[in-house]
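No lab work stands behind these numbers, since they all come straight from the coordinates. Everything numeric in this text was worked out from a predicted model, so none of it was measured. Heads up, the Cβs are rebuilt from the backbone with ideal geometry, glycines too, and the neighbour counts pull from every protein chain shown.
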Amino acid sequence: MKRSVPLASAVLWLAMPVHAAQIVTPAQASVSASSGGVITFSPVYTVSTPQDGTVTGLGIRIHFNSSALQFNGVSKRFAYGLLPAGDVSTDTENYDADATTDKYFILPWVDVSGQWPGGSELPLTLASVSFTAKAGFTGSTMIRVSASGTVDGAAFQTTPMTVSVATGNASLKLKGFLQGAYNSTDGQMRDSLRNAGLLPLAQPYGYLGHQGAETTTATLLNTTGVDAPVDWVLVELRDKANASNRLAAKAALLQSDGDVVDAATGSSTLTFADTAPGSYYVALRHRNHLGVMTASPPSLTTTPVLVDFTASATALYGADIRAQQGSTRLLPAGDASLDNKLIAAGPDNDKNAILAIVLADPANTGPHTNFQSAGYQFTDQNMDGKTLYSGPDNDVNGLLGNILLAPGNSTNSTNYILPGSLPQ
């Protein structure tokens with residue numbers, strides 16, 4: 001153990017009102033993981049009294065089962081009063097009263113002036129601790145916290161985090177339609193981007209923070225008919241306790257009939273590697289359409305369930321912003337500026353984003369607003385392989401239609417803002 005830890009424990013025995021409690025709880029009470037999956041434990045600190053929370057510091061032990069979890073490291077440590085962390089040690093004293101959690105390490109903070117945590121608002125996250133579920137372990141294990149040093153007179157309260165490790169990975173089947181490519185005559189989507197050779201072989205969602213290495217093949221891109229690829233989409237699994245927190249993501253191909261398939265194999269079963277079976281919000285996103293997400297987190301197992309965003313019966317998280325085509329539901333087109341909302345007039349509107357691409361095209365020597373700027377572009381709202389501001393098949397009319405027909409736009413204003421329902 002590093003020498004700073006005993007010093008931290010000694011310094012902490014300074015005045016604090018009797019009956020006060022220093023409290024550390026996990027940001028998540030329970031998590032699920034597959035064998036080899038990464039688990040993050042984030043201890044959150046608060047106090048019962050005094051209300052200003054100023055004390056001389058805290059030292060905590062993080063306990064884990066070394067047969068189940070491999071300790072990877074600590075990041076994002078709260079900086080005020082921070083001392084070096086202790087080495088991983090064997091818990092021969094059983095400090096947390098759990099014989100299965102055989103290893104621990106210490107995280108200490110000290111401020112001899114009694115101002116810790118330095119005016120930071122409580123509760124606050126102390127650190128991000130990373131573990132990997134070891135191969136061969138299945139079942140449940142705990143990550144626990146005990147106090148290596150508290151303020152004199154202060155009680156210490158804590159609760160553990162339960163880690164469930166299962167064999168296999170979460171999987172699902174998914175269906176969705178994009179309004180920009182939808183053909184109401186046959187109930188399918190046009191594959192104009194594929195037909196023009198514009199679909200990339202590698203996934204295009206790095207700008208959304210997805211760093212996956214998904215690629216497809218020329219064979220799949222040459223598929224025609226109802227299984228023809230229309231475009232790449234991004235499928236996300238989000239935390240059931242925090243719908244803004246993306247836990248897993250997979251870029252996939254959307255076919256003409258609405259099926260979302262694995263980009264490498266063409267399988268309609270989407271399997272999320274290193275993601276344990278469990279309950280997750282399911283979100284479907286596209287480059288220039290507003291994304292959607294399930295209203296509640298369905299249970300995903302190794303046997304795939306179908307999430308059908310084309311069906312009106314599939315409830316959405318937040319407002320149902322889908323466009324309607326009879327009984328069919330579509331992701332609405334128009335987000336040319338990539339800001340999770342549709343705006344036809346006013347600041348940051350999507351019409352101007354379309355116009356800018358048209359006018360900036362080097363081949364548009366006029367420049368003309370009815371120039372067709374060819375390519376795989378965010379501004380190509382009807383997904384025909386070109387961006388067009390005015391004239392037949394332009395990319396503005398669909399945006400205007402979604403704004404004027406929005407249920408909340410009671411005055412049919414062009415400057416109405418249609419916000420996306422996907423939490424950011």
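Computed values, structure above
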| quantity | calculated |
| --- | --- |
| Inter-probe distance in nm under a simple model that places probes 7 Å from Cα toward Cβ, at residue 415 and residue 132 | 5.5 |
| If the convex hull is drawn through the Cα atoms of the chain, its volume per residue in Å³ | 181 |
| Restricting region 21-91 to chymotrypsin sites (Phe, Trp or Tyr not before Pro) in coil, as DSSP defines it, with at most 16 other Cβ within 10 Å | 80 |
| Fluctuation leader among 396, 44, 235 - the chain, Gaussian network, Cα springs under 10 angstrom | 44 |
| Under 29 Å from the Cα of residue 103 - lysines, other chains or at least 8 residues apart | 2, 76, 134 |
| For 199, 300, order by how many other beta-carbon atoms lie within 10 Å, fewest first | 199, 300 |
| Amide H partners (placed H, <5 Å) of residue 317, local residues excluded | 293, 294, 295 |
| Separation of the residue 365 and residue 227 label points, Cα + 7 Å toward Cβ, nm | 4.7 |
| Karplus-derived HN-Hα couplings along region 242-249 (A = 6.51, B = -1.76, C = 1.60, θ = phi - 60°), whole Hz, x at Gly and Pro | 8, 5, 8, 9, 7, 9, 8, 8 |
| Electrostatic dipole magnitude of region 4-166 [Cβ: Lys, Arg +1; Asp, Glu -1; Cα centre; debye, to 20] | 380 |
| Spin-label pair residue 21/residue 264, simplified geometry with 7 Å Cα→Cβ offset, distance in nm | 4.9 |
